[in-house]
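To keep things clear, I will list the structure first and then write my remarks on it.
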Amino acid sequence: MCGIVGAVAQRDVAEILIEGLRRLEYRGYDSAGIAVVEDQQLQRVRRMGKVQALAEAVEATPLLGGTGIAHTRWATHGEPSKSNAHPHTSGEQIAIVHNGIIENHQALRELLQQRGYVFSSQTDTEVIAHLVEWELRSATSLLEAVQKTVTQLEGAYGTVVMDSRDPERIVVARSGSPLVIGLGVGENFIASDQLALLNVTRRFMFLEEGDVAEVTRRSISVFNQAGEQVERAVTESNVQHDAADKGTFRHYMQKEIFEQPSALINTMEGRISNDKVIIESFGSDAKTIFDKVEHIQIIACGTSYNAGMVARYWFESIAGISCDVEIASEFRYRKFVTRPNSLLLTLSQSGETADTLAALRLAQEKGYMAAMTICNVAGSSLVRESDLVFMTRAGAEIGVASTKAFTTQLISLLMLVTALGKQQGKIDSQKERQIVHAMQQLPSYIEKALTLDNPIEQLAEEFSDKHHALFLGRGEFYPIAVEASLKLKEISYIHAEAYAAGELKHGPLALIDADMPVIVVAPTNDLLEKLKSNIEEVRARGGLLYVFADSEAGFEATEGMKIITMPSVDEIIAPIFYTIPMQLLAYHVALIKGTDVDQPRNLAKAVTVE
């Protein structure tokens, strides 16, 4: 459910479609496929593995034709296999590709089997192809057939449909999974991401929720959810497509910090629909497993461990499910007791972290009910060896110090908490709706946080002669303080520690003086007044305070205390939001210190040794 490309042109489009898939490889996938129409004959090629394998197959047996669709798939319903790869067909005429999850696919499958349709895959996608074929028997056009089909679908979908008997057009539909139309000269294109089409056009039309569009070489007709024909704006793009190109940014880390709004959108894409998290996003067996879960055991290292620490607060306060978090390198070397109906949850950017992988294998011998991973790299060892998989879709992260991988892990964990809580009746529909709305607003709030880049750059000057720093937070913001201290030490080589602010009086206050900057994460929540008391403890001892505070928290700058005012956000997403200024601070301090930001000394991106 990762990448879609389509085209209607006068020239052969197979190479264009395959190049589009290559540009979407950063999203992760396990198979790739293409279908092209020539002389009303449907030609389809599918391959397991990388797009290169598909390209070699097409090169060996060229596909000719000006109308085609292509797809890279990450398995949800049905194992990774050639038969489950897209495009899917109905008969020799209808071919479709699809991103998203059809929640009522089983009921539709049974209905279609009663009508005589034979299924060749395990996917939810194939039901769309057969439904379109069925509706086309009575509809006057492919457009009408697709419009009738989508009214029967529950869930999220971005889908592209073509009919070999009518090769002059393709029809696309969007609900919860983005699609964009690329406008050419005498040709038009479709993709799930504009990056796929930047080699053929810079002019784009973004479909809105519920839109269905008919696309030909010379026309684009868009209809809204009510069936009314509407106009959608055409925009000119200046986006760069190469994930390995820093573009206008000085470092990969800086680029990846600023990519976080789009990375979070990618993580949520197709997994939220009608104000709810789609539980099948976590795997076809998710409902069965989630019903039984009584405990969560999170295993991770480094930044991923800090994400797990935040999630522990969410699992227990929101979903009412007990949760433990442990460093993988400790977990694997101690004797532990497996709790009944415990779900093992591993977190890893690379999916190859040696300690986490070893802990997973050990836990599987110790009677855990099931194992799930949240990961950014398709095909990695953790992904292959887990029962349930949730891909973060952060895209390539080249900087060693993790940024967008961390925030996409957090939003993934929040979706998991919501789905699990709802499945077990701990979260009602109103609460779910509130969480979903907050998550959907997060990318725009992070855009606002990124506008603090210049003020934080100026603030960083005050760290030029510092050798130590202390970060404070309370509740779920304590792990955010830990992550902030990790970022600072990783790339600036400043010794930094983090403490739960209530622990100051139990030792760390001895370190406070005018040469020890103390950075405080201060959102408005139930612990704010307690946190203010902890801040006063620092001020009374001559400490130098930098408080990142909610605009409604009531802080005023005084001598020895600087306030960095943050916009107010929903409490549920605030931990993710407050991560952004911490990343910016670490980045700018490292610049001043003159360190190698992207490749700090002694560190590696993927830790594949003990």
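Among the residues of region 307-318, which ones are in contact with a helix residue (DSSP H, G or I) (Cβ under 8 Å, 6 or more places away or on another chain) and either of a type in the set (Asp, Glu) or buried (at least 22 other Cβ atoms within 10 Å of the Cβ) (or both)?
Ala307, Gly308, Val310, Ala311, Trp314, Phe315
So how many residues does region 131-162 have that are of a type outside the set (Asp, Glu) and assigned to a loop (DSSP other than H, G, I, E, B)?
The qualifying residues number 8.
Taking region 332-349, which residues are part of a loop (DSSP other than H, G, I, E, B) and in contact with a Cys (Cβ under 8 Å, 6 or more places away or on another chain)?
Gln349
If you scan region 355-383, which residues turn out to be on the phi < 0 side of the Ramachandran plot and assigned to a loop (DSSP other than H, G, I, E, B)?
Residues satisfying the conditions are Glu365, Lys366, Tyr368, Met369, Asn376, Val377, Ala378, Ser380.
Restricting to region 510-528, and then to whatever is assigned to a loop (DSSP other than H, G, I, E, B) and among the β-branched types (Val, Ile, Thr), can you tell me which residue is nearest to Ser485 (Cα to Cα)?
Taking the candidates together, the pick is Ile512.
Look through region 167-183, keep the residues that are more than 28 Å from the chain's Cα centre (by Cα) and at pLDDT 95 or above, and return whichever of them is farthest from Ser273 (Cα to Cα).
Among residues in region 167-183 that are more than 28 Å from the chain's Cα centre (by Cα) and at pLDDT 95 or above, the one farthest from Ser273 (Cα to Cα) is Arg169.
Kindly indicate which of Thr579, Thr595, Thr565 is assigned to a loop (DSSP other than H, G, I, E, B) and either under 32 Å from the mean Cα position of the chain (by Cα) or buried (at least 22 other Cβ atoms within 10 Å of the Cβ) (or both).
From the options Thr579, Thr595, Thr565, the qualifying one is Thr595.
Just for region 554-590: of the residues that are touching a Lys or Arg at 6+ places or on another chain (Cβ under 7 Å) and closer than 28 Å to Arg541 by Cα, which one is modelled with the lowest pLDDT?
It comes out as Gly560.
Take Glu483 and decide whether it is surrounded by 16 or more Cβ atoms within 10 Å (Cβ to Cβ), among the acidic types (Asp, Glu) and either at pLDDT below 95 or assigned to a helix (DSSP H, G or I) (or both).
Yes, satisfied.
Report every pair of residues separated by at least 6 positions or lying on different chains whose Cβ atoms are under 6 Å apart, first residue within region 213-241 and at pLDDT 95 or above and acidic (Asp, Glu), second surrounded by 13 or more Cβ atoms within 10 Å (Cβ to Cβ) and not in a strand (DSSP E or B).
Glu214/Leu143
When the residues of region 332-348 are narrowed to those that are over 27 Å from the mean Cα position of the chain (by Cα) and either of a type outside the set (Phe, Trp, Tyr) or closer than 29 Å to Ala396 by Cβ (or both), which ends up surrounded by the fewest Cβ atoms within 10 Å (Cβ to Cβ)?
Looking at the filtered set, the residue picked out is Lys335.
Could you list, in sequence order, the residues of region 384-410 that are part of a loop (DSSP other than H, G, I, E, B) and not hydroxyl-bearing (Ser, Thr, Tyr)?
Asp387, Arg393, Ala394, Gly395, Ala396, Glu397, Ile398, Gly399, Val400, Ala401
I need the strands (runs of 3 or more DSSP E) fully contained in region 38-130, keeping only those with at least 1 residues that are at negative phi and in contact with a His (Cβ under 6 Å, 6 or more places away or on another chain). So that I can check it myself, show each step before the final result.
Working: elements: 41-48, 67-73, 88-90, 94-102.
Qualifying strands (runs of 3 or more DSSP E): 67-73, 88-90, 94-102.
Among what's in region 417-469 and is assigned to a loop (DSSP other than H, G, I, E, B) and touching a residue at least 12 places away in the same chain (Cβ under 8 Å), pick the residue that is nearest to Phe290 (Cα to Cα). First the steps, then the outcome.
Within region 417-469, the subset assigned to a loop (DSSP other than H, G, I, E, B) is 424-428, 451-452, 464-467.
Pick out the ones that are also touching a residue at least 12 places away in the same chain (Cβ under 8 Å) and you get 424, 426-427, 452, 464, 466-467.
Details: Gln424: 7, Lys426: 12, Ile427: 13, Leu452: 40, Ser464: 50, Lys466: 48, His467: 47 Å.
Among residues in region 417-469 that are assigned to a loop (DSSP other than H, G, I, E, B) and touching a residue at least 12 places away in the same chain (Cβ under 8 Å), the one nearest to Phe290 (Cα to Cα) is Gln424.
The values are calculated or read from the model by the stated rules, or taken from the named source; none is laboratory data. Quick caveat: nothing in here was measured; it's all calculated off a predicted structure. Cβ: placed from backbone, ideal geometry, glycine included. Neighbour counts: every protein chain shown.
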